[in-house]
Amino acid sequence: MASAGREETSRAELIRLGRTALGIELGSTRIKACLVAADDPSTVLAVGSHAWENQFVDRLWTYPLEAVWTGLVAAYADLVADAEAKHGLRPETFGSLGVSAMMHGYLAFGADGELLANFRTWRNTNTGPASAELVELFGANIPLRWSIAHLYQAVIDEEPHVSQVRFFTTLAGYVHWKLTGSKVLGVGDASGMFPIDAATGGYDATMVARFDEVASERLSGQRLTELLPEILVAGQPAGNLTEEGAALLDPTGALRPGIPLCPPEGDAGTGMVATNAVAPRSGNVSCGTSIFAMVVLERPLSQVHLELDLVTTPAGDPVAMVHCNNGASELAAWVGMFSRFAEAAGQALDPDAVYETLFREALDGEADAGGLLAYNYLAGEPLTGTTEGRPLFVRTPDSRFTLANTMRAQLYGVFGTLALGMRVLDEEGVALDRMFAHGGMFRTAGVAQRFLASALNAPVAVGETASEGGAWGMAVLAAYLGGGSGQSLATYLDGTVFPDAETSVVEADRAEVDGFAAYLERYVAGLAVERAATEVL
């Protein structure tokens, strides 16, 4: 007991002295904050969170900026309360701080810093014409959700605000700007705004020039580089918390300004950090509202693939990204329905217990899910050519309609589109030594992880931080700002953050690999049904 007391005193002292790093991530459904020890980021001192949801306004997915700040205040207050409950004091400063958020999207501002149009998130698929034109113009894949596609679509549509744009950025870049006054962005997040030149680490100059040729006049003569945030890499200083920024995060006035901030990053970058997947031949899968895989490349791809984004790690190394708009939200809706059934039957269960029960049931399902099919398309899915979402659960008269098969089909459905994109990397001969997975659906040990291994036909590792996610990854990047000591990010993660990390690895099972392949064959054939649903419903 005395030893435990000394440890608690030590942790309280770290908080009092500000020998800590704070990471905040604005995800699709939760804003999370994570406080770690600066010298040992694997030690989590306190956490906080706040639930929020996007809105569908004028046929576009958005979040009001007021919700950004009320959510940040709530998540930060929750973290402070957790620190006080665990360690007996409320933090007033930190050694470093970092903000991450959903990548891509469009936040455009005028000369006076005013928002010119509603925030447009990565989830929108109205940018098809812009994406197609930019692919032709650049000779590179420009996905629908990229920031440059949103800007160019506004140009094509002759939206009135276009001539007034003087700065546009991502959600992480916006929050960082308001906290520090600095219009900067981490290279990983920036690579989802506009293509990066691997040789220079900056925006691709040739593509910038081509864009200016076709769009500058309609942007009131503004050059693209005047509108984009400055690029920084992990470990570089990115400004300090101002008095105004401290008040935005903590209206009580307890938080002191002056805290150094690391470059703001996207959720893909923090996912790579949280799973120690920033070195070549490593990869990770992140699953939340969306699901995406990141594979760090050893060499350039042989050709342009519309199924793959080319982005970077927070250190600037090239990455192939398979991004699917739809992740675990539809699965959560099914779990919610069964949770309500238990409550109506007088047997109310904790949500985690419902997940555990249904996931374990899925293990008893047939390898091909008994002929059942599940499409988790709450939103459009560019990778499969659907412009809007229509979640579907489909079976034939001879399908084996059991609870086990139903839940296995729903879990398989989360990985269906991802598996299609990963096939392209296989065809390119991209080698992987390890694939890590993280996100809430991996908390039930050995279920989603096992099915993902079957979908990818590769070993899948899950670590202790699988459910902590990007807020912890952002806290690690914040700690790297002050503690990297000239090491590469990969070396820092291996030596300082993950030297004793415990992971569980599940190998792909041949029978389940074959079963998932059969499921995926039906899944591809059934996409015609999904597309028809968007036309008639």
When segment 155-166 is examined, which residues are found to be on the phi < 0 side of the Ramachandran plot and either small (G, A, S) or open to solvent by 10 Å² or more (accessible area, probe 1.4 Å) (or both)? I156, D157, E159, P160, H161, S163, Q164, R166
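Going by the structure shown, is V319 more than 18 Å from L527 (Cβ to Cβ) and either touching a helix residue (DSSP H, G or I) at 6+ places or on another chain (Cβ under 9 Å) or not hydroxyl-bearing (S, T, Y) (or both)? If you could, list the steps in order and put the result at the bottom.
On the way: more than 18 Å from L527 (Cβ to Cβ): yes; either touching a helix residue (DSSP H, G or I) at 6+ places or on another chain (Cβ under 9 Å) or not hydroxyl-bearing (S, T, Y) (or both): yes.
For V319, the condition - more than 18 Å from L527 (Cβ to Cβ) and either touching a helix residue (DSSP H, G or I) at 6+ places or on another chain (Cβ under 9 Å) or not hydroxyl-bearing (S, T, Y) (or both) - is met.
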Taking segment 108-122, which residues are assigned to a loop (DSSP other than H, G, I, E, B) and open to solvent by 20 Å² or more (accessible area, probe 1.4 Å)? A111, D112, G113, E114, L116, N118
From the options A315, A234, A238, A246, residue that is outside any loop (DSSP other than H, G, I, E, B) and either modelled with pLDDT of 95 or more or crowded, with 22+ Cβ neighbours inside 10 Å (or both): A246
Only residues in segment 266-289 that are open to solvent by 10 Å² or more (accessible area, probe 1.4 Å) and at pLDDT below 90 count as the first member; pair them with residues that are assigned to a loop (DSSP other than H, G, I, E, B) and of a type in the set (K, R), Cβ under 9 angstrom, at least 6 apart or cross-chain, and list the lot. T289/R123
If V424 satisfies all but one of (1) in contact (Cβ under 8 Å) with a residue 12 or more places away in the chain; (2) out of contact with any His (no Cβ under 7 Å at 6 or more places or on another chain), what's the number of the condition it fails? (2)
Only one of (1) touching a Ser or Thr at 6+ places or on another chain (Cβ under 7 Å); (2) under 21 Å from G173 (Cβ atoms) is not met by L249, so which one is it? (1)
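Taking R450 as the residue in question, decide whether it is charged (D, E, K, R), at pLDDT 95 or above and under 23 Å from the mean Cα position of the chain (by Cα). Spell out the reasoning first.
Values: charged (D, E, K, R): yes; at pLDDT 95 or above: yes; under 23 Å from the mean Cα position of the chain (by Cα): yes.
In short, yes.
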Would you mind telling me which numbered condition in (1) at pLDDT 95 or above; (2) farther than 20 Å from F292 by Cβ S504 fails? (1)
Here the qualifying pairs (Cβ atoms under 9 Å; residues six or more apart or on different chains; first in segment 193-211 and at positive phi; second crowded, with 16+ Cβ neighbours inside 10 Å and outside any loop (DSSP other than H, G, I, E, B)) come out as G201/V187; G201/I231; G201/T312
For segment 57-72 the number of residues that are open to solvent by 40 Å² or more (accessible area, probe 1.4 Å) and of a type in the set (A, V, I, L, M) is 1
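Name every residue in segment 290-312 that is of a type in the set (D, E, K, R) and open to solvent by less than 10 Å² (accessible area, probe 1.4 Å), in order of residue number.
The answer is D309, and nothing else.
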If F168 satisfies all but one of (1) in contact with a Leu (Cβ under 7 Å, 6 or more places away or on another chain); (2) more than 29 Å from C324 (Cα to Cα), what's the number of the condition it fails? (2)
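The values are calculated or read from the model by the stated rules, or taken from the named source; none is laboratory data. Not measured: the values here are computed from a predicted model. All Cβ positions, glycine included, derive from the backbone under ideal geometry; neighbour counts span all protein chains shown. The protein model used for the area step is the full one, side chains on, heavy atoms only, and it has no ligands, DNA or RNA in it. Shrake-Rupley method; radii C 1.70, N 1.55, O 1.52, S 1.80 Å.
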